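Written below as structure tokens is the structure these notes are about.
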Amino acid sequence: MTVTLWTLATLASHWRRNPVQIVALLVGLALATALWSGVQAINTEACASYAKATALLGGPDVKVFRPNTGKSMPQTVFVELRRAGHLVSPMIEGTIVVDGRRLRILGIEPISLPVAATPEGLQATGEAEGVPAFLRPPWEALAAPETLIRLVGNETLPPRRADSSLPENTLVMDIGIAQQVLGMEWQIGRLLMEPGMGLHVDVLHRFGLAPVAAAEHDVSAGLTNSFHLNLTAFGFLSFLVGLLIVRACVGLALEQRLASFRTLRTCGVSARRLTIAVLIEVVLLALLAGLAGLVLGYVIAAALLPDVAGSLRGLYGASVSGTLRFAPEWVFPGMAMSVGGAVLAAGSALWRVYRLPPLAAARPDAWRDAQAKQVRRSLIAAAACALAGALFYVYGDSLEAGFVIIGCLLLSAALALPALIGAMLTVLGRAARSAMSEWMIADMRQQLPGLSLALVALLLALAANIGVGTMVGGFRETFLDWLDRQLAAEVYVRGADEAQARAIDAWAARQPEVRNVLPGRMTDTVFAGQPIEVRSVVDAPTYLEGWPLLAVAPGAWDAIFAGEGAMISEQLAYRLGLGLGDTVDVGPGPLTIFGIYADYGNPKGQIMLSLARLEQDFPEARRMGTGFRLAPEDVGPLLTRLTATFDVAPDSVIDQAALKTLSRQTFERTFAVTAALNLLTMLVASVALFTALLSLFDRRVAQMAPIWALGISRRRLAALELGKTLIMAALTAIVAVPVGLILAWLLVAVVNVKAFGWRRPLIPYPEHWFTLGLLSIAVAAAAALLPSWRLSRIGPAHLLKVFANAR
Amino acid sequence: MLTIRFVRKTYPTPEGPLEVLRDVSLDLAEGETLALIGESGSGKSTLLHTIGGLEPIDSGQIILDGTEISAFGDRRASAFRRDRIGIVFQQFNLVSSLSVDQNVRLQARLSGRHDGTWITRLTRTLGLDGLAARYPEQLSGGQQQRVAIARALALRPDLVLADEPTGNLDAETGDKVMELLLELVGQTGCGLVMVTHNLRLAEMLSRQVRLIEGRIA
């Protein structure tokens, strides 16, 4: 033990004398852990929220029925069903805005509520205490502790009691009180029944009810899982980039301490004990950095969570709490990743320590020389990785396989980078004419092995930026175009009921400025085990000319308006493997598929029929808002006349521009998280470069001293040093462009198709590459500035020492 | 005290095995000082390293106080070296991140035989008491070698091995360092085996052994 402790103390003395190095190592590992654990914290919080939301309604086993109209139903339906002996329980759900934030109101009737759907707050206290307090004045409501804090001081809502099993921003109360709070007196939204029970189809028809498919929940879960898998993949990429810093730092510390290791060996420290001491040192540093990383990860997650929650709510209707907790689910794995990653990154260094003969000459360059010799082996490994990726592309058929292909691509590029930059430097060297440029190129080649890990980190960060940037850019362009086509009408109006809707349609058709009236209906059903939407389309130029079709058969619209065909959304086509000419069977008879259209952001598959066919096959289908086509400047006057003529609720009139803005906001929020992760990865890469340059400083002084002695000023040498780093960064950016483009193609053509079921065209953005090229040079400049400045300030005595040592 | 019998050692080279030590045998009595002299490549340093357990031998025996150290693996050889042998190298081999004081105490602490009084006396004798807080890079070559000698003697070893200890020093400094080394070896009563090219320094030791092409002449 004494030997190990004193060996550890000797090893630690290196860090005391080289604080920048240990700071760089700790920062690298802390950032890596932070990005990884931050993403995991977000995922854990989201999963906890899903679990709470699912548990609130008793999970998928509890039977749920809702009106065919998609709206609420009179409370008399519940009364009649109970009188007929059906053990249903009423529920109402709605949203109110409190202090500018949405609050979900859930009204239940606790006496008849299925046991599985009963909140813990009512189960725990028992009927004797909890239920009466819930059922009698002052009508106590239940809410998560976080919600209670949010509602402190609110006196308009009923008094509240904590129930930690409830999701955040949800208030559960007696249905009678909820009806008042929501302004829906004598209305109910859904009916619940115990698992295993049900209603006969005749009863369903009589009361206009439809069962809510359990599969609806599964589809949403699948999509949110894909979203989280994407986040995890980016977190892992950032973690890998961080590990490159750790590897570089540990390798450098080993190199600098070779002489000390030799001395310790000659003083009687065995190879095994020395290796154990270095391992303990790495683990201690990893624990320290891991702790810092967890705190930083928490901060990152807390900053990103609102955007993630917004995305998940906007895209999939999934409710995610906006607050974050330190949970063991992400804290312990985060620490394990930190320690495991550091040990893995230090693996080759530890092996070298173990194999280090006590009399090995302390040649600081030996490690780099050996690395230079590995270039050929790395190229072979890069080719093997590329081949493995190609095999996964051909034979893999899952989202996970998609990520493996991306991993192979990035690993292959990382392994090949030193050789590629070396080749580019050779070409540059042939073009060099002056002695200084020849020396610069030769010096860069010599510097390359020492900088290669940092350049790999930069390559990965740039490639991820180009890849994700291209994907998001393409998605934005396609999405906005799709949005324009989907929301073609200038205004949408929803009637209070069928009669009012028909009256509004007839009125609008008589208005001179209205060019087209586009009524629509929609219903939910299940097809091939998938919950789907069936929607209508009318014969109008708006649809015929602008519908976002991806594939279409000749005579498609004629067939659809003749009631003989249908069009389906891209995600339904992908999930069920359907194509043009296939049939779908959702009504009385099969319909041939005449077209496939884009329906981005919709978790459900969709089938589109003519309005006449839909009304014939699905008489219970609910009305969608009717679209009116008119000149944008006529929208205001028309709406004024409309509201003067009809008693239309303000939220029943939807302005196209407002809706588009809302959709765009949801879209931007979705990718705000990936953009933030990309930026942080660039930051990590910058730290990697800075670390490498700083740690190479002594070696650089030895390279610079002879040139200084030949009459080149220190200031010029420093400028040349900066220039060399910028050239290396620019060469890395050149390699990153094709890698990033392949990555973008994989994200669009493989990962997104598997994750979401839709594919978008790949649109290259050269201006984005140019910006990133400049960014990489800026990153390199920021990283190289301090080492170059130190070089320009170095004293002649220090430079002369190089020659003294040489003697 | 030290018995070396028929030690053979070869190094692999692209041209085939290179025989560096050929059936080397010699003895060292307790407190005896011995100089190994010979041309470059004659095997002097290799013999010194094998005695210290730094390099394994191909065949033969190296016995120190009845213990056959040549039969040890890395772990036991390291422990034996840590507790019984002090080594002084031509390149000083100090730990650059440790101060003079920490360097001097390093091996004694590792072996658990740290004697503060002895180390204070040692550093005073070697003229290091004013340099305790300095780091190796702040010392001259002669000062660094004195630190290395102090480190080797700090644990009161049974045997000191010195590989060209004055090779990096000018003549005057080298002589001073040599005098101090012999004085302290005399005080501790340990044996000394020293490799040197310098015949004048070799003659300061009680016995000289010449190696020619791996054999004792």
Counting DSSP beta bridges in chain A, what percent are antiparallel, to the nearest 5?
70
Stretch residue A:679-residue A:793 to full length: gain in nm at 0.36 nm per residue minus the Cα-Cα span?
37.8 nm
The protein assembly as shown: spread of alpha-carbon positions along the three principal axes, whole Å, largest first, is 123, 78, 49
Quick calc: nm separation of the 7 Å Cα→Cβ label points for residue A:782 and residue A:646 -> 5.5
Per-residue Cβ counts within 10 Å, from other chains only, averaged over B:108-121: what number is that?
2
Rg over Rh of the stretch B:57-98, using C-alpha atoms and the Kirkwood radius, what does it come to?
1.07
Ordering of A:191-201, A:525-535, A:429-439, A:729-739 by burial proxy (mean other Cβ atoms within 10 Å per residue, highest first):
A:729-739, A:525-535, A:191-201, A:429-439
Compute the distance in nm between two label points, each set 7 Å from the Cα along the Cα-to-Cβ direction, one at residue A:101 and one at residue A:477.
3.9
Under 8 Å for C-alpha pairs, at least 6 residues apart: give me the relative contact order for chain A, rounded to a whole percent.
17
How well do other chains shield peptide B:43-52, expressed as the mean number of their Cβ atoms within 10 Å of each residue Cβ?
1
Each residue of the stretch A:334-348 in turn: what ³J(HN,Hα) in whole Hz from Karplus with 6.51, -1.76, 1.60 and θ = phi - 60°, glycine and Pro shown as x?
x, 5, 5, 5, 4, 5, x, x, 5, 5, 5, 5, 8, x, 5
Multiply the residue gap between residue A:510 and residue A:527 by 0.36 nm, knock off their C-alpha separation, and tell me the result in nm, one decimal place.
2.2 nm
Partner shielding of B:93-102, taken as the mean number of other chain Cβ atoms within 10 Å, equals 6
Against the longest principal axis of chain A, how steep is helix A:375-395, in degrees 0 to 90 to the nearest 10, with axes from Cα atoms?
10
The protein assembly as shown, helix-only ellipticity at 222 nm - DSSP H runs n ≥ 4, -39,500 (n - 2.57), divided by all residues, nearest 500
-19500 deg cm²/dmol
For chain A, find the longest principal axis of its Cα atoms and tell me its angle to the long axis of helix A:714-746, 0 to 90°, nearest 10.
40
Which FRET efficiency, nearest 0.05, do residue A:697 and residue B:204 yield, Cβ-Cβ r, R0 51 Å?
0.70
Among A:258-265, A:416-423, what's the highest-first ranking by average C-beta atoms within 10 angstrom per residue?
A:258-265, A:416-423
Degrees, to the nearest 10: A:399-431 long Cα axis against longest axis of chain A:
40
Can you order the peptides A:462-472, A:654-664 by their average number of other Cβ atoms within 10 Å per residue, highest first?
A:462-472, A:654-664
Counting alpha carbon pairs within less than 8 Å and at least 6 residues apart, what relative contact order, in whole percent, applies to the stretch A:506-646?
35
Please work out how many pairs of lysine residues in chain A are eight or more positions apart (or on different chains) and have Cα atoms closer than 25 angstrom.
11
Rounded to 0.05, the calculated FRET efficiency for the beta carbons of residue A:23 and residue B:83 at R₀ = 51 Å is 0.85
Express in nm, to one decimal, how much length is gained between residue A:202 and residue A:768 on full extension, taking 0.36 nm for each residue of separation and deducting their alpha carbon distance.
197.7 nm
Expressed as cubic angstrom per residue, what is the convex hull volume of the alpha carbon set of the stretch A:715-796?
93
Report for chain B the percent antiparallel among DSSP-assigned beta bridges with both residues inside it, nearest 5.
45
So what J values fall out for the stretch A:10-19 if you push phi through Karplus, 6.51 cos²θ - 1.76 cosθ + 1.60 with θ = phi - 60°, rounded to Hz, Gly and Pro as x?
5, 4, 5, 4, 4, 5, 4, 7, 10, x
Taking 45 Å as R0, compute the FRET efficiency from the Cβ-Cβ separation of residue A:658 and residue A:583 and round it to 0.05.
0.70
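Any read-out appearing in this document is the output of simple, stated calculations on the displayed coordinates, not a laboratory observation. This one's a predicted model, so the numbers in the text were calculated from it and none came from an experiment. Every residue, glycine among them, receives a Cβ derived from its backbone with ideal geometry; neighbour counts consider all protein chains shown.
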